[in-house]
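Report on the structure given below.
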């Protein structure tokens, strides 16, 4: 997992960490990182897709 | 891995399962996902696979040197020992070791390895969710109790921490309310005690005072940890 996180863009990594460690929802994260909720959702989903692909290699 | 991944390269179900495991869904979506997990085993499996994928993260611990009171709490939470002088001698040894090692986790595990040789081997979980919310749980399988020591939990003004036991089926079972300022020892209901075994996961969510009334977490899951035998 840690190796795969390194392959993410830094904003994707920050968003995932904020969700996992701080219990933030999409709305919380969007507020914290000052982006629209839709943008946050696509960052996270993209990061999750990359993460799964990497973990399955 | 190239960067040409299609945004839709995972099925919607799988994305929702991942979002649920990550804890990023808003309350209504979260409740919908939980309802679906209850009636759709395939979806519940997707969620537990994602929980497994993310679980190494829970092992990430920010380095915290434990204060002396942490050791007292751990000792107080463990089953009564007849070898009390030996226990205390060893605690001071392990305290020194732990501080030298510089990590809270190493210290806890060291102390518990020793204590585990005195009593029936307990199951231990460090319940982690990032910098400032850590609990250490010790399950006494012979008594069916779980003692939960707050290490660096920051209390929330409006919500209380609730402990959940998540067996391999991925469905959280409520265990009881925790406190950020003192050790809490909870008795596991008989039907739950059977699930308190290696590789089950303990999780802590933030709930309204009195705890979740739905039987499932309603607030964010702020920390998780897998039970391990020492």
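Please treat every number below as a calculation from the coordinates, not as lab data. It should be emphasised that the depicted structure is a prediction, and the values quoted were computed from it without experimental measurement. Note: ideal-geometry Cβ built from the backbone for every residue, glycine included; neighbour counts use all protein chains shown.
At a 10 Å Cβ-Cβ cut-off, how would you order A:22, B:199, fewest neighbours first?
Values: A:22 18, B:199 11.
Going from sparsest to densest Cβ surroundings: B:199, A:22.
Counting only alpha carbon atoms, the long axis of helix A:10-22 and the longest principal axis of chain A meet at about 70°. In plain terms, the residue of B:160, B:149, B:204 with the fewest other Cβ atoms within 10 Å comes first and the most crowded comes last, giving B:160, B:149, B:204.
Ordered by packing density, taken as the mean number of other Cβ atoms within 10 Å over each peptide's residues, highest first, how do A:12-18, B:140-146, B:181-187 rank? Walk me through the numbers before you get to the answer.
Working: A:12-18: 19.7, B:140-146: 18.1, B:181-187: 15.4.
Taking the mean over residues of other Cβ atoms within 10 Å, the ranking is A:12-18, B:140-146, B:181-187.
For chain A, what class follows from the C-alpha gyration tensor (a ≥ b ≥ c being the square roots of its eigenvalues): rounded when a/c is under 1.5, otherwise prolate if a/b is larger than b/c, else oblate? Here chain A falls in the prolate category. Exposure proxy ranking for B:139, A:35, based on other Cβ atoms within 10 angstrom of each Cβ and starting from the fewest, stands as A:35, B:139.
Can you give the average number of partner chain beta-carbon atoms within 10 Å of each beta-carbon in peptide B:13-24, as a whole number?
Details: counts 0, 3, 6, 1, 1, 7, 7, 0, 3, 10, 7, 17.
Partner Cβ neighbours, averaged per residue: 5.
Taking the Cα centroid of segment B:141-220 and of segment A:1-25, what is the distance between the two, rounded to the nearest whole Å? Distance between centres, Cα-based: 25 Å.
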